[in-house]
Amino acid sequence: MKYFKKTFLLISFFIFPVSLDCSDIFEYEIRFKNKVGPFSFDGLKSFTKEDNDFQVIFIGEHKILNAKIKQESKFSFSNSKVFPREYSQFVRIPIKGEQIQNIAFDYKNLKIISSGDVNWVINFSGDERPMDPISSGFQIRQNLKKGIDDFEISLIKLDEGTFYKNSFKVVGSTILEIKDTKYPCKVVERTDRKGGKSLYYVAETLDYILLKVKDDRKERKISIEAEKILSFG
């Protein structure tokens, strides 16, 4: 189960578009294929606005294995800073069974509380903003839009109830093609505290949506790539 949870954490970094001043909001749906070792999952991610918050829902399935994950995140932002509000995750893996986790962010008491099948409490200081895997994706997109090419984000480890800084840096550019359309992309390298690295391909002409992830480490060979942009704007 822990391996799959780390896998889905990586999947969650699909970035969604909202303008810096929030005057224009681009809702979207993207279908993509992700491979975890020898297995392939079909995924759908959508972004919508709900009242004064933003909401992202991700659903990934492997019908033959009867495996599924559903992730949902609500958050807001101010002065180019993202503030997660709620995060929930449902995972069903063969043999391992089902697991439900709900996370609430309490900024008044500076606590993050996980309930369900995974229970913990994180205390954080006023200058820290630990983030769930989906809301952190929006912060990445905001930074890139502002021209910030080298930055750090504190990511929550969902199974442990801790958080660690991860480094992100633009290391190049390339062109990705989806359904005969070419998208210029920035290539962003993510480095974790143990020195592990992943590459993210972010489409500049699609308001910095993440189109591809590549992680070839021996212990977790993962690839995620958009197959079709169902709607944008």
In the set 159, 127, which member is more than 20 Å from residue 74 (Cβ to Cβ) and in contact (Cβ under 8 Å) with a residue 60 or more places away in the chain? 159
For the stretch 69-85, state whether one or more residues are touching a Ser or Thr at 6+ places or on another chain (Cβ under 7 Å) and of a type in the set (Phe, Trp, Tyr). yes
Within the stretch 93-146, take every residue that is out of contact with any Ser or Thr (no Cβ under 8 Å at 6 or more places or on another chain), within 18 Å of residue 59 (Cα to Cα) and surrounded by fewer than 18 Cβ atoms within 10 Å (Cβ to Cβ) and give me the one that is modelled with the highest pLDDT. 98
In the stretch 103-145, which residues are farther than 29 Å from residue 200 by Cβ, among the basic types (Lys, Arg) and part of a loop (DSSP other than H, G, I, E, B)? 108
Looking at residue 64 and the list (1) surrounded by fewer than 21 Cβ atoms within 10 Å (Cβ to Cβ); (2) closer than 23 Å to residue 112 by Cβ; (3) β-branched (Val, Ile, Thr), which single condition is not satisfied? (2)
Look through 182, 194, 214 and report the one residue that is in a loop (DSSP other than H, G, I, E, B), farther than 16 Å from residue 133 by Cβ and not β-branched (Val, Ile, Thr). 194
Checking residue 51 against (1) modelled with pLDDT under 90; (2) farther than 30 Å from residue 145 by Cα: exactly one of these is not met. Which one? (2)
Pairs, first modelled with pLDDT of 85 or more in the stretch 61-79, second surrounded by fewer than 18 Cβ atoms within 10 Å (Cβ to Cβ) and part of a loop (DSSP other than H, G, I, E, B), C-beta under 7 Å, six or more apart: 65/94; 66/94; 67/94; 76/52
Of (1) within 27 Å of residue 41 (Cβ to Cβ); (2) in contact (Cβ under 8 Å) with a residue 60 or more places away in the chain, residue 142 satisfies every one except (1)
Looking at the stretch 130-185 only, could you name the residues that are of a type in the set (A, V, I, L, M, F, W, C) and over 18 Å from the mean Cα position of the chain (by Cα)? 148, 171, 175, 176, 178
Checked the stretch 77-89 for anything among the aromatic types (Phe, Trp, Tyr) and buried (at least 17 other Cβ atoms within 10 Å of the Cβ); matches are 77, 87
Flag for residue 30 being of a type outside the set (Asp, Glu), touching a helix residue (DSSP H, G or I) at 6+ places or on another chain (Cβ under 7 Å) and modelled with pLDDT of 65 or more: no
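The values are calculated or read from the model by the stated rules, or taken from the named source; none is laboratory data. Quick caveat, the model's predicted, so the values are computed rather than measured. Note that each Cβ is placed from the backbone with ideal geometry, even for glycine, and that neighbours are counted across all protein chains shown.
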